[in-house]
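The next block holds one structure in the form of structure tokens; read it before the comments.
The values are calculated or read from the model by the stated rules, or taken from the named source; none is laboratory data. Note that the structure is a prediction, hence the values are computed from the model and not measured. Every residue, glycine among them, receives a Cβ derived from its backbone with ideal geometry; neighbour counts consider all protein chains shown.
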Amino acid sequence: MKERQEVSITISTLTILKVVFVFIALGFVYLIRDVIGVVIVSFVLASALTPAVEWLFQKHKIPRVFGVVILYVSLFAAITLVLLLLIPAIIQQIGDIANNFPDYYTRFSSEVGNLRDFNFTHSFVTNLQTSLQGIRTDLGSATGGILNTLSSVFGGLFAFIGVLVITFYLIVEEQAMRRFLQNIIPPKYLPKLSGMLDDIQQKMGMWLRGQLVLSLVIFFVTFVGLSILGVRNALVLALFAGLMEFVPFIGSTIGAIPAVFFGFAEATWLGFTVIGFYILVQQLENNILAPKIMQKSVGLN
């Protein structure tokens, strides 16, 4: 009979310390996750705005500091104008959805007989209606304070200002950042890392600009299409579809769901027509819009 061989596992103190260090590092990253998010957003925005600042500097000899200020003022003016034009209509349409959602749900249920298989409950309808009314209230207060509405996108006024300041610094003090890297990175790795950071910054900026263009195109096409079909609340539905373009892979599908719902709430034929319309838009996006826009912006097909 063979004797059992005892297997001993030895864990060194150094290994334990490494594991503890990893957990501490992960905990620290979790604690500063909001700061990391602000830095990432700032880096992406700086990557997108840097070419315009460089163009102002090279072509018109405008210092980078003033170039960034000009871009900030121009962007805020454009965003404010768009919001002032769209927010009243958005508030009205969200109010219609919030106030009449039970009726929409009832009509949808009657048009699609097998909806009861999903076991949607009355509490679901009530909760969704409450959420929509909350959104309407928030948007209503936005007309009196557009800056507060924009800051909420970044998680608060502090984060919003932080994004503006860090983006400003990354654009204006780009050379200072490079000198900082030279002081902390071994010289043999510096050329490769510097080139890699340049590529990342360039591609990120080009991707963001391309994605914004694609999102605006989808918003416009969807708004026109839904308006022609006679779907109610076309502006809100198109805005949602445009925003969902930033969600990878499933964004287009998620963006279509509310419009399909309201289409079926009107009539069965309209629901299927909306499905066909979104399939057409998705094919147009996948085969023509996205390849052309991203090829021109990022150099990818």
Pairing a residue in the stretch 18-46 that is under 24 Å from G210 (Cβ atoms) with any residue that is of a type in the set (D, E), where Cβ atoms lie under 9 Å and the two sit 6 or more apart in sequence or on different chains, gives A46/E174
First in the stretch 198-220 and free of Cβ contacts under 8 Å to residues at least 40 places away in the same chain, second anywhere and of a type in the set (G, A, S) and outside any helix (DSSP H, G or I), Cβ under 9 Å, 6 or more apart: none
Could you tell me whether any residue of the stretch 260-274 is outside the structural domain of D103 (by TED's automatic domain parsing), aliphatic (A, V, I, L, M) and within 30 Å of A48 (Cβ to Cβ)? no
Considering only residues that are modelled with pLDDT of 80 or more and under 19 Å from the mean Cα position of the chain (by Cα), which ones fall in the stretch 290-301? A290
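Would you tally the residues in the stretch 189-227 being out of contact with any helix residue (DSSP H, G or I) (no Cβ under 9 Å at 6 or more places or on another chain) and under 18 Å from I279 (Cβ atoms)?
Kept after step one, since they are out of contact with any helix residue (DSSP H, G or I) (no Cβ under 9 Å at 6 or more places or on another chain), are these residues of the stretch 189-227: 189, 191-192, 195-196, 198-199.
Filter once more, keeping what is under 18 Å from I279 (Cβ atoms): none.
Number of matching residues: 0.
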Tell me, please, whether a residue that is touching a Gly at 6+ places or on another chain (Cβ under 8 Å), modelled with pLDDT of 85 or more and either among the aromatic types (F, W, Y) or under 30 Å from N183 (Cα atoms) (or both) can be found in the stretch 228-247. yes
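Yes/no matrix, rows are residues, columns are (1) at pLDDT below 80; (2) out of contact with any helix residue (DSSP H, G or I) (no Cβ under 7 Å at 6 or more places or on another chain):
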{"position": "K2", "(1), (2)": "yes, yes"}
{"position": "L45", "(1), (2)": "no, no"}
{"position": "K59", "(1), (2)": "no, yes"}
{"position": "L75", "(1), (2)": "no, yes"}
